[in-house]
Amino acid sequence: MVQVERAILSKNDALARENRGWLRRRGVWALNLVSSPGAGKTTLLVETLKHLQAQDVPVAVIEGDQETANDAERIRQTGAPAVQVNTGKGCHLDAHMVGHALERLEMPAGALLFIENVGNLVCPAAFDLGEARRVVILSVTEGDDKPQKYPDMFAGADLMIISKMDLLEHVDFDVARCIALARQVNPGLQVMGLSARNGHGMEQWLAWLQAQRSAWLLDGAGLPEDALRVEHSPQHGEPSATTAQQAAE
């Protein structure tokens with residue numbers, strides 16, 4: 001079983017490198033959004049797309065779900081191009097699925113690509129899709145011990161967004177404890193508190209996206225493709241995100 005798993009992941013990693021090279025050649029910065037079901041990924045994404053398109057930032061989306069095209073339809077209503085990938089019994093997207101989605105997605109050069117993964121805090125952690133950054137979203141309506149229960153997902157993330165902050169006063173969620181547990185598995189993890197409903201934290205989120213995208217474009221200039229892989233860890237010297245504790249004040 002271990003050998004089979006290694007073979008699957010090795011093949012996926014090779015395809016992810018191909019995706020990363022394809023995206024790099026087109027100047028497309030890709031973000032992998034991961035969370036458990038119901039954490040607010042799609043709602044955050046819809047609001048993010050509205051803001052970015054108002055600033056004339058080219059965007060595109062790959063939507064992953066086991067069934068239905070509901071989320072892709074919501075995305076298209078913002079005016080952003082979107083491709084739906086249904087995984088059936090599969091619990092995550094993989095690099096092969098994303099590669100085929102890229103072939104179908106009408107996306108301008110220099111776009112900001114969001115890949116909304118299947119809602120799951122286990123399986124997606126092991127599968128590189130070719131993204132430049134990985135963002136894990138954890139809502140305050142979930143347990144604050146999720147980073148301890150699902151360490152691989154948080155260890156592989158560049159940013160943790162604590163979502164639905166507008167509900168914080170109504171739930172038993174310890175923000176400080178959640179951040180501490182997440183940083184036990186990923187000491188350099190950036191953290192941001194956000195509410196897509198009332199806009200709290202959106203400015204910091206949009207600024208983070210623009211800063212990360214600009215740094216990626218600058219850092220990659222003139223490098224060969226095999227040197228362009230961005231590991232899933234915060235890069236030295238990048239601007240720090242606003243912590244959820246600060247955002248809640």
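Some points to look at:
- Selection status of LEU23, assigned to a strand (DSSP E or B) and within 19 Å of the chain's Cα centre (by Cα): no
- Restricting attention to segment 58-78, the residues that are part of a loop (DSSP other than H, G, I, E, B) and at pLDDT 95 or above total 3.
- You will find that of ALA182, ALA176, ALA109, the residue that is surrounded by fewer than 22 Cβ atoms within 10 Å (Cβ to Cβ), assigned to a helix (DSSP H, G or I) and of a type outside the set (D, E, K, R) is ALA176 and no other.
Okay, residues lined up against (1) among the polar types (S, T, N, Q); (2) in contact with a Pro (Cβ under 8 Å, 6 or more places away or on another chain); (3) assigned to a helix (DSSP H, G or I):
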site	(1), (2), (3)
ALA14	no, no, yes
ARG17	no, no, yes
GLY38	no, no, no
GLN84	yes, no, no
LYS89	no, no, no
HIS92	no, yes, no
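- Filter result for GLY130 (in contact with a strand residue (DSSP E or B) (Cβ under 7 Å, 6 or more places away or on another chain), in a loop (DSSP other than H, G, I, E, B), of a type outside the set (S, T, N, Q) and modelled with pLDDT of 95 or more): yes
- Candidate set from segment 151-172 (those that are in a loop (DSSP other than H, G, I, E, B) and closer than 21 Å to ALA16 by Cβ); member that is farthest from the chain's Cα centre (by Cα): GLY156
The values are calculated or read from the model by the stated rules, or taken from the named source; none is laboratory data. All values reported here derive from a predicted model rather than from experimental measurement. For neighbour counting, all protein chains shown are included, and Cβ atoms are generated from backbone atoms with ideal geometry for every residue, glycine included.
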